[in-house]
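What follows is a single structure, written as structure tokens, with notes after it.
Please treat every number below as a calculation from the coordinates, not as lab data. Values in this document were obtained by computation on a predicted structure and should not be read as measured data. Here the Cβ is made from the backbone with ideal geometry for all residues, glycine too, and neighbour counts use every protein chain on show.
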Amino acid sequence: MRPILAALLAIAAHAQVTYNDLLKPDPANWLHYSGQYHSQRHSPLQQVTTANVKKLTPQWIYHVDAGRRLETVPLVVDGVMYFTNPNEVYALDARTGREIWRYERQPALQKGPNRGAAVYGNRVYIGTPDAHLVALDARNGSLLWESKIAEAKEGYWSPAAPMVVKDKVIMGIAPSDHGLNGFLDAYDANTGERLWRWHAIPRPGEPNHDTWAGDSWKTGGGGTWLTGSYDPELNLLYWGTGNPAPDFDGDVRKGDNLYTECIVALDADTGKMKWYFQTTPWDVHDWDAVEIPVLVDANYKGSPRKLLVQGNRNGFYYVLDRVTGEFLHGTPFIKELNWASGLTAKGRPIRVEGVIPSLKGTKTCPATSGATNWMSPAYNPATGWFYIVAQEGCGINTKSRDTFRPGGNSYMGTGYIESPEEPWQMYIRALDLTTGKIQWEYKQINSRRYAAGLLSTAGGLIFGGDDQGFLTALDAKTGKALWSFNTGQQISAQPMTYAIDGKQYVAIANGSNVVAFALHD
Amino acid sequence: MRKAPILCVLAITCLAQQPRQRGGRRVRFDPVEAAAGHEIYNRSCTMCHGLDGAPGDRAPALGAQRRYLRATTEDIQDAIKNGIKGTNMPASPLPEADIKKLVAYIHSLRATAVDLDVPGNPAKGEQVFQAKANCAKCHMVNGRGGILGPDLSNIGAERSLAALREALTIPKPIPPRGYQPAKVTTTNNQTIEGIVKNQHNTSFQILGADEKLHLLTADQIKEITFHPKSLMPADFDKVLNPTEFQDLLAYLSRQARSRR
């Protein structure tokens with residue numbers, strides 16, 4: 001009977017995405033960078049299970065001619081897949097991988113990566129290497145409008161996937177490493193008009209401006225280069241902010257350097273900040289705190305709380321109350337951490353003397369690449385565990401006096417190398433949501449650098465990938481690998497899942513391709 | 001930049017599926033010099049090249065809708081003055097001033113419509129586009145209009161004036177790829193009419209006249225009827241009076257988003 005059902009469903013064609021759809025996505029669709037507003041990256045789809053995942057086979061591969069290291073998360077709306085490459089958007093038949101249309105921005109500024117799109121109404125939104133927000137017609141890829149976010153010639157660009165909240169497109173900016181101040185914007189989803197801007201670095205006269213010595217705030221950094229989360233009930237956006245600049249030379253910017261290295265809660269209507277929590281005050285290791293804040297409603301010490309959790313690049317796992325920003329708990333999720341001996345009752349790191357960049361180099365664990373990075377974590381409500389990609393290893397961090405040069409030049413105050421004594425090693429780890437205690441770990445043998453983020457499914461699976469190109473399905477309860485496939489190219493993107501006519505697919509960008517898997521019929 | 005498709009089996013297919021010029025670079029030339037160069041060209045170069053820049057018996061077209069290796073003033077000048085080694089292209093004995101005019105003419109052959117100051121009233125042309133010619137039913141310009149036909153927001157920077165005029169007056173022998181009109185009957189007897197965005201033995205992607213995407217697998221399809229002709233009318237020189245037609249050309253030739 002399946003073909004008839006399939007035909008009926010297929011004729012019910014691709015429809016417009018409403019705000020209600022964005023609030024409660026049909027599990028068959030994948031409408032947000034992180035799946036849903038809460039960014040749990042957990043799909044209720046359960047056709048693929050721990051019992052049958054062995055039968056997962058590639059259904060199609062789409063090759064992007066100009067693709068190199070795709071970091072895009074595909075979106076799926078009623079059987080149409082949208083994914084991005086810098087300056088490009090592709091619309092595919094998600095069942096067959098056949099191209100429907102493609103958009104190519106001209107002239108194209110060559111800069112990457114691009115991490116994905118947002119969808120709303122009949123529109124697809126992307127950020128561009130020349131720092132524009134672009135709206136396309138989802139049906140044929142026609143350019144509807146574009147809004148300049150910032151000056152590309154100053155060095156700004158927009159790699160993050162936008163997020164649509166009500167009639168607004170929320171869009172961040174990169175980078176922090178050029179001494180450019182970050183912000184978060186909201187644009188009218190219909191016209192592209194900018195509605196508000198939140199400045200990551202307080203200007204003179206604003207609260208916390210005095211956390212910057214002298215004029216250092218002018219080149220303070222605090223980019224917003226990854227997509228955040230949203231709580232519709234509280235109407236709050238949660239976004240992580242990037243590092244202060246110059247990255248490694250903190251001497252020229254004494255103070256806490258707010259609001260770099262923060263998780264901030266902003267009113268979605270006005271952009272007004274409700275609270276902030278700073279993970280690394282006066283960061284000197286380039287540990288952008290942009291990692292995805294995951295929103296979970298759960299019991300904390302016996303009472304129900306609206307929690308926000310984040311595995312931070314500085315090595316700590318944080319549990320916050322997302323109504324107030326109150327720090328509840330924090331614990332390292334890596335074993336090699338030498339820069340702080342712990343956290344205070346308020347969540348402020350207790351710094352270890354001397355673990356700051358120096359002229360001849362200081363061993364710093366985690367390395368600047370971080371205990372984790374842009375790889376998305378996942379939360380499975382069934383296990384109650386938070387899953388994260390972790391890197392164990394140290395760096396040798398150096399500093400020197402840098403001069404800010406406008407025009408997109410790097411302003412880092414020198415850098416880091418991998419420690420020759422502790423080679424990096426990648427893991428997937430399951431943490432207890434509220435205690436952060438490691439439940440299991442899966443060592444990605446021979447993988448030292450970041451690759452894929454994670455996807456959790458109701459089939460009891462965690463999907464992850466590694467720098468050698470393997471996409472792997474783990475048992476969410478045990479961390480045991482149940483299935484693995486060599487995609488042939490390094491993975492640098494996040495897996496996602498969708499369904500068409502009752503058939504579940506798992507897809508991921510790998511290198512220059514997008515590949516989709518499903519159970520062998 | 002994407003590469004243009006290299007293989008075209010039939011010349012006619014090439015023409016229909018010819019990729020648009022991306023129109024990033026502006027070609028500058030003096031129209032008076034170009035007109036003079038036209039005369040010199042027809043007098044001096046057509047032993048091998050064709051008349052008016054067309055392909056000739058012994059040498060290629062200089063004004064074809066393709067990318068040319070020698071596109072800059074310096075490169076074209078060099079080819080005329082010094083010939084092209086290893087080919088039949090000889091060094092020209094023409095005086096420097098004539099070569100300059102020839103270069104202007106070759107630029108004009110390759111210019112996109114926006115490079116010319118196409119006469120007519122663009123504002124009135126827009127009204128023709130929206131109303132009498134009904135172009136906006138299928139074509140979008142700057143975010144407004146239909147979606148069945150190609151977006152024309154940059155057409156003036158992608159096509160020559162001759163190609164624009166041709167598109168409005170000469171029916172395409174076959175519909176371009178991505179714009180083939182078709183009617184599909186599914187196995188459960190639903191019909192969808194629209195344009196084919198993509199197809200293969202195994203699946204079919206059609207943008208319906210309802211302006212929705214319909215994605216079908218082969219086993220869902222009972223019958224597909226392809227309409228032999230493009231939906232694009234090609235009688236605008238008859239439907240519109242000469243002034244309206246010229247105004248429409250003036251409007252279309254100025255649609256050049258990539259030049260802004």
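Based on DSSP H runs of at least 4 residues, each adding -39500 (n - 2.57), what is the mean residue ellipticity at 222 nm of chain A after dividing by all its residues, to the nearest 500 deg cm²/dmol?
Values: 2 runs with 15 residues, N = 521.
Roughly -500 deg cm²/dmol at 222 nm, from the helical runs in chain A.
Taking only C-alpha pairs under 8 Å that are 6+ residues apart, what is the relative contact order of chain A in percent? Numbers along the way, then the final one.
Numbers: 1563 pairs, mean separation 80.6, N = 521.
Rounded, it is 15 percent for chain A.
Hey, got the Cα dimensions of the stretch B:43-160 along the principal axes, in Å, largest first?
Extents along the principal axes, in whole Å: 53, 26, 23.
Each residue of the stretch A:360-376 in order: what ³J(HN,Hα) in whole Hz does its phi give by Karplus 6.51 cos²θ - 1.76 cosθ + 1.60, θ = phi - 60°, with x for Gly and Pro?
Each residue's phi maps through the Karplus curve to give 8, x, 10, 5, 10, 10, x, 6, 4, 4, x, 5, 8, 7, 6, 5, 5 Hz.
Output the 0 to 90 degree angle, nearest 10, between the alpha-carbon long axis of helix B:73-82 and the longest principal axis computed from the alpha carbons of chain B.
Its long axis makes an angle of about 50 degrees.
Less than 17 Å apart at the alpha-carbon level, and either on another chain or at least 8 residues along: which aspartates and glutamates does that give for residue A:360?
Candidates past the 8-residue exclusion: A:247, A:249, A:251, A:402, A:418, A:421.
How much length is gained on full extension from residue B:130 to residue B:92, taking 0.36 nm per residue of separation minus their Cα-Cα distance?
Numbers: separation 38, 0.36 × 38 = 13.68 nm, distance 4.96 nm.
Extra length available between residue B:130 and residue B:92 comes to 8.7 nm.
First select every other residue whose beta carbon is under 9 angstrom from the beta carbon of residue A:248; then total the charges, Lys and Arg +1, Asp and Glu -1. Kindly include the intermediate steps, with their values, before the conclusion.
Working: positive: A:399; negative: A:247, A:249, A:286, A:402.
Residues close to residue A:248 contribute a combined charge of -3.
Could you work out how far apart the two model spin labels at residue B:137 and residue A:234 are, taking each label as a point 7 Å from the Cα in the direction of the beta carbon, and quote it in nm?
For the pair residue B:137/residue A:234, the computed spacing is 5.3 nm.
Pairs A:111/B:212; A:503/B:222; A:274/A:477; A:363/A:443; A:301/A:443: which exceed 25 Å Cα-Cα?
Violating the 25 Å Cα-Cα cut-off are A:111/B:212; A:274/A:477; A:301/A:443.
Reported to two decimal places, what Rg/Rh ratio describes the stretch A:211-254 when computed on Cα atoms with Rh from the Kirkwood expression?
Result: Rg/Rh = 1.16.
What distance in nm separates the two pseudo spin-label positions at residue B:172 and residue B:54, each 7 Å out from Cα along the beta-carbon direction?
2.3
Please report how far the C-alpha centroid of the stretch A:442-519 lies from that of the stretch A:311-374, rounded to the nearest whole angstrom.
Centre-to-centre distance over Cα atoms comes out at 28 Å.
Would you mind working out the magnitude of the charge dipole of the stretch B:22-110 relative to its Cα centre, with +1 at each Lys and Arg C-beta and -1 at each Asp and Glu C-beta, to the nearest 20 Debye?
On the way: 14 positive and 10 negative charges, 95 e Å.
My answer is approximately 460 debye.
In a Debye calculation with equal point scatterers on the alpha-carbon sites of the stretch B:180-226 and no solvent, what is log10 I(q)/I(0) at q = 0.19, 0.31, 0.32 Å⁻¹?
Each listed q corresponds, in turn, to -0.47, -1.31, -1.38.
How big is the Cα convex hull of the protein assembly as shown in projection, averaged over all directions, in nm²?
On the way: hull surface 150.4 nm².
Seen from a random direction, the Cα hull of the protein assembly as shown projects 37.6 nm² on average.
Relative contact order for the stretch B:22-110 using alpha-carbon pairs under 8 Å, separation at least 6, rounded to a whole percent? Please report the intermediate quantities before stating the final value.
Values: 112 pairs, mean separation 35.1, N = 89.
Reported relative contact order: 39 percent.
Name the shape class, rounded, prolate or oblate, that the alpha-carbon gyration tensor gives for chain B, where a ≥ b ≥ c are the square roots of its eigenvalues, rounded holds for a/c under 1.5, and otherwise prolate holds if a/b is larger than b/c and oblate otherwise.
Numbers: a/c = 2.69, a/b = 1.72, b/c = 1.57.
It is prolate, given that a/c is not under 1.5 and a/b is the larger ratio.
Over chain B, calculate the relative contact order: mean separation of alpha carbon pairs under 8 Å at least 6 apart, over the residue count, as a percent. Mind dumping the intermediate values first?
Details: 441 pairs, mean separation 55.2, N = 260.
Relative contact order, chain B: 21 percent.
Roughly how tilted is helix A:2-11, in degrees to the nearest 10 and between 0 and 90, from the longest Cα axis of chain A?
60
Using DSSP to define loop residues, name the GluC sites (Glu not before Pro) in the stretch A:373-442 whose beta-carbon has at most 10 other beta-carbon atoms within 10 Å.
Sparse-neighbourhood loop GluC sites (Glu not before Pro): A:421.
Give, as a single signed number, the net charge of other residues whose beta carbon lies under 14 Å from the beta carbon of residue A:401, with Lys and Arg counted +1 and Asp and Glu -1. Write out the running numbers ahead of the final one.
Working: positive: A:253, A:399, A:405; negative: A:247, A:249, A:251, A:402.
With Lys, Arg at +1 and Asp, Glu at -1, the neighbours total -1.
For the stretch A:160-173, take each phi angle, set θ = phi - 60°, evaluate the Karplus expression 6.51 cos²θ - 1.76 cosθ + 1.60, and give the result in whole Hz per residue in order, putting x for glycine and proline.
For the stretch A:160-173, the Karplus curve yields 6, 6, x, 10, 9, 10, 6, 9, 10, 9, 9, 9, x, 8 Hz.
Checking the a/c ratio against 1.5 first, then a/b against b/c, what shape does the Cα gyration tensor give for the stretch B:22-110? Let's see the in-between values first.
Numbers: a/c = 1.31, a/b = 1.16, b/c = 1.14.
Cα axes put the stretch B:22-110 in the rounded bin.
Of B:132/B:183; B:137/B:172; B:101/B:124; A:166/A:480, which ones are farther than 30 Å apart at the Cα?
Values: B:132/B:183 27 Å; B:137/B:172 19 Å; B:101/B:124 34 Å; A:166/A:480 40 Å.
Exceeds cut-off: B:101/B:124; A:166/A:480.
I'd like the orientation of helix B:242-253 relative to chain B: the angle between its Cα long axis and the longest Cα principal axis, in ° from 0 to 90, rounded to 10.
That works out to roughly 90 degrees.
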